[in-house]
Amino acid sequence: MEKKPKKCKIKGCSNLGAYKGLSSTGKKKYRTICILHRNRKPQRAKILREKQNRYRENNPYKVEARKMYNIALLRGDLVKPSKCSVCGKKATIQGHHPDYAKPLEVIWVCPKCHTKIHFPPLAQSPRDN
């Protein structure tokens, strides 16, 4: 008895599963996901690549500053400290560029302080007083 293809397991899809090949016993095997849904990962990768390219086109000075920063780290021109320059804790240290025009002038901060720099706490609302 020959195996029949099943419907795609993605909700709302009525396509049949794609032919996979023959099993070791010689029976036909089918995938449980149709070709349309199976090829989503390459589409996501393409979308991500396009997004990254747009960012690079819109922010060339940031990309160049980060490139110079990484090269300086590899060469040893910049040395990462072991402690955060804001809170003094030992953590995985990141370099923060306050000014991208000066790519080798960075503030060495931990991830928590880096988040605080980019997203400072909102000012107190009148209700909090």
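Remarks
- All positions within region 94-121 that are farther than 21 Å from Glu64 by Cα and either of a type outside the set (A, V, I, L, M) or touching a Phe, Trp or Tyr at 6+ places or on another chain (Cβ under 9 Å) (or both): Cys110, Pro111, Lys112, Cys113, Thr115, Lys116, Phe119, Pro120, Pro121
- Any hit, region 54-69, residues being within 16 Å of Val109 (Cα to Cα), in contact with a helix residue (DSSP H, G or I) (Cβ under 8 Å, 6 or more places away or on another chain) and free of Cβ contacts under 8 Å to residues at least 40 places away in the same chain: no
One line per residue, one yes/no per condition, for (1) modelled with pLDDT of 65 or more; (2) more than 30 Å from His118 (Cα to Cα); (3) hydroxyl-bearing (Ser, Thr, Tyr); (4) more than 25 Å from the chain's Cα centre (by Cα):
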| residue | (1), (2), (3), (4) |
| --- | --- |
| Met1 | no, yes, no, yes |
| Lys4 | no, yes, no, yes |
| Asn39 | no, yes, no, no |
| Asn59 | yes, no, no, no |
| Ala65 | yes, no, no, no |
| Leu74 | yes, no, no, no |
| Leu78 | yes, no, no, yes |
| Lys83 | yes, no, no, yes |
| Tyr100 | yes, no, yes, no |
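- Residues in region 59-93 that are small (Gly, Ala, Ser) and outside any helix (DSSP H, G or I): Gly76, Ser82, Ser85, Gly88, Ala91.
The values are calculated or read from the model by the stated rules, or taken from the named source; none is laboratory data. Fair warning: this is a prediction, and the values are worked out from it, not measured in the lab. So basically every Cβ, Gly included, is an ideal-geometry build from the backbone, and we count neighbours across all protein chains shown.
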